[in-house]
Amino acid sequence: MQSFLFSSVYSDLTMGLLVFIDTIALCLVVSSALLQRFEEAPKPDGSLSFLVIGDWGRKGAYNQSQVAFQMGVIGKQLNIDFVISTGDNFYDNGLTGIDDTAFDDSFTKIYTSSSLHKQWYSVLGNHDYRGDVEAQLSPVLTNHDKRWLCLRSFIVDAVAEFFFVDTTPFVDKYFTEPGDHVYDWRGIHPRKKYISNLLKDVDLALRESNAKWKIVVGHHTIRSAGQHGDTAELVKQLLPILQANNIDIFINGHDHCLQHISSIDSGIQFFTSGGGSKAWRGIVNRWKEEEMKLYYDGQGFMSVQLTQTESDIVFYDVFGHVLHKWNTSKQLHGPS
């Protein structure tokens, strides 16, 4: 009897200790101010190439399958290293859970080319927040399709340094005027603290970066002549940090178009790649002619090729035709 009692007490203490340790670990994860980092090795010649697609997940409809096919063609030509998704990965309301067949129907069964069987780095869009956000972030989906990686905010180290930013929580109207939509804000509240911590993390990471190229990726626009226009909250809160840290490129989706705005004031290149499926909205707002390098209202995607000294960006339409090219260079040594 004594032995049984001792065993039970020992077991209870052990379980209690494990729960306590798990609780500490959880607290450490939740309170951590560090953005998770991933490494991407360049090719043997030191170069890096990737594709960017956004606003795509419609089970192949609205030319999604055609865009995916052309991505496969260009991906093979460039021998891409990975793909970036700028969000709104699954329409209209994200995923319902980790077993939602929309994941296969809009992703696995659509982007089938061997050249696209590389790592996908994805951020969340506002439509993704209308579903089960935790499902898109779940490692269960990564186990299901090894290409898939979606996090709120994170960093990828390569020839360039990529800073992925969760932009949806910045936008006031999703909280004050949600309409008929229900958003999954788990992990966001208290919102002000979430945004404040994220801005501090991004600012610190950018300040500490020694990368030759600094590229920031988010779903929402900062500068855009499309239907949504500039995102006022990002212009006010995020843009000053990007300017202060001399980033080179900001890449977004949200507006369903392909777009290149070259900022005269900051020198930042603003690229929109939101033509993954439904497009042709027919809305173009006036913009400074000297800054607007491309505005295409249809479907398509963009490619990026980088070395330590060169950046080559190309936009393609749904047929794989080149719409726009942009190139810039930097000195190998000296300030980035």
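Let me know the charge dipole size of the range 36-329 about its Cα centre in debye, to the nearest 20, where only the beta-carbon of Lys, Arg (+1) and Asp, Glu (-1) is charged.
Working: 28 positive and 37 negative charges, 22 e Å.
Magnitude of the dipole: close to 100 debye.
The lysines within cross-link reach of Lys212, meaning a Cα-to-Cα straight distance under 18 Å and a gap of 8 or more places when in the same chain, are Lys43, Lys330. I'd like the distance separating the alpha-carbon centroids of the range 98-142 and the range 31-95, in whole Å. Taking the Cα centre of each part, the range 98-142 and the range 31-95 sit 11 Å apart. Placing a pseudo-label 7 Å from each Cα along the Cα-to-Cβ vector at Asp99 and Thr142 gives an inter-label distance of 2.3 nm. Of the options [x] 1.00; [y] 1.07; [z] 1.29, only one is Cα Rg over 2.2 N^0.38 Å as computed from these coordinates, and that is [y].
Normalised by the residues of the range 36-329, what does the relative contact order come to in percent, with Cα pairs under 8 Å and at least six apart? Mind dumping the intermediate values first?
Working: 695 pairs, mean separation 63.0, N = 294.
Result for the range 36-329 is 21 percent.
Of the solvent-accessible surface of the chain, computed with a 1.4 Å probe over protein heavy atoms with every protein chain present, carbon and sulfur atoms account for 55 percent.
Comparing Pro178, Ile155, Asn210 along the charge dipole axis of the range 151-215, the residue lying farthest to the positive side is Asn210, per the Cβ-charge model. 222 nm [θ] for the chain, helices only, -39500 (n - 2.57) per DSSP H run of 4+, per residue, to 500? That calculation yields -8000 deg cm²/dmol at 222 nm. For the chain, the antiparallel share of DSSP beta bridges with both residues in that region comes to about 55%. Screening the chain for DSSP H helices whose Cα atoms reach 15 Å or more along their own axis and whose mean Kyte hydropathy is at least 0.5 gives 2-31.
Solvent-accessible area per residue for the chain at a 1.4 Å probe radius, Å²?
Values: 15820 Å² over 336 residues.
Ligands and nucleic acids excluded, the result is 47 Å² per residue.
The values are calculated or read from the model by the stated rules, or taken from the named source; none is laboratory data. Since the model is a prediction, treat every value here as computed from it, not as a measurement. Cβ coordinates were reconstructed from backbone atoms using ideal geometry, including for glycine residues, and neighbour counts include every protein chain displayed. Side chains included, ligands, DNA and RNA excluded: accessible areas come from the protein's heavy atoms. Shrake-Rupley method; radii C 1.70, N 1.55, O 1.52, S 1.80 Å.
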